Amino acid sequence: MGRSDLEGETIRGNRHRLVRHAWVLLAAGLLPVLAPRPSSPTAAVLTPPAASGDIILSAVIQSPAVVPPIAARPAQTVVVSRGETVESLALHDHSDAAAIRWANGLGTGAQPAPGTALLIPPSAAALVQVLPSERPSHFAKRLGLDPRVILDYNALTKDTPRPVGSYLQIPLSAAPSGALVGRYFARASDGVPSVPEAHAAVADGFPYGQCTYYAASRRTVTWAGNAGWWFGAANGIRPEGHVAVAGAIVVFHTGWFGHVGYVESVNPDGSFVVSEMNYYGDGGGWGRVDHRTIARTDFWSVTGFIY
């Protein structure tokens, strides 16, 4: 049966499945704009788990997958029954909880209300930034994807330019270099990724007033040492990468002992705003918090980001 055909209903307990979500979007007028899917039943691809360690540098894709993909079934839209959660739906439908949350704009820990229509992507996802004025159909063409694969991972109703600086989900196995591994990030407003909030952050073990003290008060830190050592010390403990994301710890290799700060936000041009202690500029200093913008031309001073 082709993608545009209407699926029959199936029953889970007392809950009826909706028709495949692409049919719903067809009614909304999006799919006629996007190229039709070939008759193949493949909606997305999954990379065998054994290959993931070879293609992922912690939280950022280092190089595209080179192993043959495994076909996955198309996405679907379901109506949430009482007692169901994102996690239980992901388990039942062989999907990924983080991908479900991103596709439906659900924050960390949020759960859909009973009766909500929820898009269930086929598999784990990666996040890729949209270019300025780029439409979903153009985004798909740039990445060499069937446009309807984008609909499998994002609840879209129109093929209009996405907000500047926003991201769209794609299959993890199809992710290009520099894409973010979706399971490590939450969706903020306008489709911008952020690091999920940590509520157990304490600065015990770091001297008050230092940059390390402040960073550890914003994010949970389970390692020790000077700021310049943090990127190496966190390896294997927390996901890391070289893409600025709000909520991350940024490590600088400046000065004798390095420096760390907290990424407050990322601007559409790729620069980011950092808050910090013990930086003697912009009104900062020992025990004082300042904010400054790190331009892309200043990324030479950044060792990396701890998510």
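When restricted to residues that are closer than 23 Å to Arg296 by Cα and surrounded by fewer than 17 Cβ atoms within 10 Å (Cβ to Cβ), segment 230-255 contains 5. Screening Leu106 against (1) in contact with a strand residue (DSSP E or B) (Cβ under 8 Å, 6 or more places away or on another chain); (2) within 14 Å of Tyr167 (Cα to Cα); (3) surrounded by fewer than 21 Cβ atoms within 10 Å (Cβ to Cβ) leaves a single unmet condition, (2).
Only one of Ala117, Ala113, Ala140, Ala124 is under 26 Å from Ile249 (Cα atoms) and at pLDDT 95 or above; which?
On the way: Ala117 fails: under 26 Å from Ile249 (Cα atoms); Ala113 fails: under 26 Å from Ile249 (Cα atoms); Ala140 fails: under 26 Å from Ile249 (Cα atoms).
Going through Ala117, Ala113, Ala140, Ala124 in turn, just one is under 26 Å from Ile249 (Cα atoms) and at pLDDT 95 or above: Ala124.
The number of residues in segment 267-279 that are surrounded by fewer than 21 Cβ atoms within 10 Å (Cβ to Cβ) and β-branched (Val, Ile, Thr) comes to 1. Within segment 126-146, if we keep just the residues that are part of a loop (DSSP other than H, G, I, E, B) and within 18 Å of the chain's Cα centre (by Cα), the residue that is nearest to Ala174 (Cα to Cα) turns out to be Val130.
In this entry, Val202 passes the filter for residues that are out of contact with any Pro (no Cβ under 8 Å at 6 or more places or on another chain), among the hydrophobic types (A, V, I, L, M, F, W, C) and surrounded by fewer than 23 Cβ atoms within 10 Å (Cβ to Cβ).
Among the listed residues Ser177, Ser123, Ser95, which satisfies the condition of being in contact with a strand residue (DSSP E or B) (Cβ under 9 Å, 6 or more places away or on another chain), in a loop (DSSP other than H, G, I, E, B), buried (at least 23 other Cβ atoms within 10 Å of the Cβ) and of a type outside the set (A, V, I, L, M, F, W, C)?
On the way: Ser177 fails: buried (at least 23 other Cβ atoms within 10 Å of the Cβ); Ser123 fails: buried (at least 23 other Cβ atoms within 10 Å of the Cβ).
After applying the criteria, what remains is Ser95.
The values are calculated or read from the model by the stated rules, or taken from the named source; none is laboratory data. Since this is a predicted model, take the numbers as computed values, not measurements. So basically every Cβ, Gly included, is an ideal-geometry build from the backbone, and we count neighbours across all protein chains shown.
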